[in-house]
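Reading through the structure tokens given below for one structure.
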Amino acid sequence: MASRKILVVDDDKEICEALSIYLRSEGYESVCAHNGRDALLLLEKDTFDLVLLDIMMPIMNGIVCASKIREKSNMPIIFLSAKSEDTDKVLGLNIGADDYITKPFSPMELIARVRSLLRRASMNEPQSKESYRVGGLELNILSKSVTVDGVEVKLTATEYKILELLMANMNQVFSIDQIYEHVWQEPNINGENTVAVHIRKIREKIEINPKEPKYLKVVWGIGYKIENK
């Protein structure tokens, strides 16, 4: 198996180099960037398995960078944060980062977190295209059916398309515009309420408690996702 490639993003060049040394000693490939903008450019040109992302950086900080990564990918993201950045850390996790490490940290802790996330990502790689499953929720593509704990739930064609989009891309956040354009196949013009109503109806059908959803989660100010943890 090819070695996993990790993107290290930190404006402190010495920290970047130290992290790269730790990672390479464990058999990982490592590439450095020193701000969020450069990180996004590297992600466009190459494929990475995980991003180590500092929060406070010039030009583009880690919060903005993480949100832009989540628009296109569900790749694992670990924040590197100082203790004074707790608010930003929480915001980053809400945006879709997977974990955080507080500076200063030990090389053993870093490697353990990286291994854990890469292992989890491998477990969540695309399943059989005949169906998607998370917990007791299953969507069968061949029969166009959805079951919760083995009991079939009846979705409309539009509800099914929304759920299929989210389940085929678990943990990836989709904005209302993205959902609308994918399902209705046209630009979103005043379709916010339409999408929100369909999301509410899907929740009523697949969630035990729609007000505290287990599967279909909202990421406030960004969009929706099917969470697979």
Is there a residue in the stretch 120-135 that is modelled with pLDDT of 85 or more, closer than 29 Å to ILE55 by Cα and not acidic (Asp, Glu)?
no
With open to solvent by 40 Å² or more (accessible area, probe 1.4 Å), in contact (Cβ under 8 Å) with a residue 12 or more places away in the chain and either under 18 Å from GLY62 (Cβ atoms) or assigned to a strand (DSSP E or B) (or both) as the only criterion, which of LEU42, LEU19, LEU7 stands out?
LEU42
Is there a residue in the stretch 170-181 that is of a type in the set (Gly, Ala, Ser) and open to solvent by 50 Å² or more (accessible area, probe 1.4 Å)?
no
Does ILE202 satisfy the condition of being crowded, with 17+ Cβ neighbours inside 10 Å, closer than 23 Å to SER145 by Cβ and in contact with a strand residue (DSSP E or B) (Cβ under 7 Å, 6 or more places away or on another chain)?
yes
Among the residues of the stretch 45-58, count how many are in contact with a helix residue (DSSP H, G or I) (Cβ under 7 Å, 6 or more places away or on another chain) and part of a loop (DSSP other than H, G, I, E, B).
4
From (1) more than 14 Å from the chain's Cα centre (by Cα); (2) in contact (Cβ under 8 Å) with a residue 40 or more places away in the chain; (3) surrounded by fewer than 19 Cβ atoms within 10 Å (Cβ to Cβ), pick out the condition that doesn't hold for VAL114.
(3)
Qualifying positions in the stretch 59-108 - charged (D, E, K, R) and either assigned to a loop (DSSP other than H, G, I, E, B) or over 19 Å from the mean Cα position of the chain (by Cα) (or both)
GLU71, LYS72, LYS83, GLU85, ASP86, ASP98, LYS103
Taking the condition of being assigned to a loop (DSSP other than H, G, I, E, B) and at pLDDT 85 or above, how many residues in the stretch 162-219 meet it?
16
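The values are calculated or read from the model by the stated rules, or taken from the named source; none is laboratory data. This is a predicted model, so every value here is computed, not measured. Neighbour counts run over all protein chains shown; Cβ positions are idealised from the backbone, glycine included. Areas reflect the complete protein model, heavy atoms only, side chains present, ligands, DNA and RNA absent. Shrake-Rupley method; radii C 1.70, N 1.55, O 1.52, S 1.80 Å.
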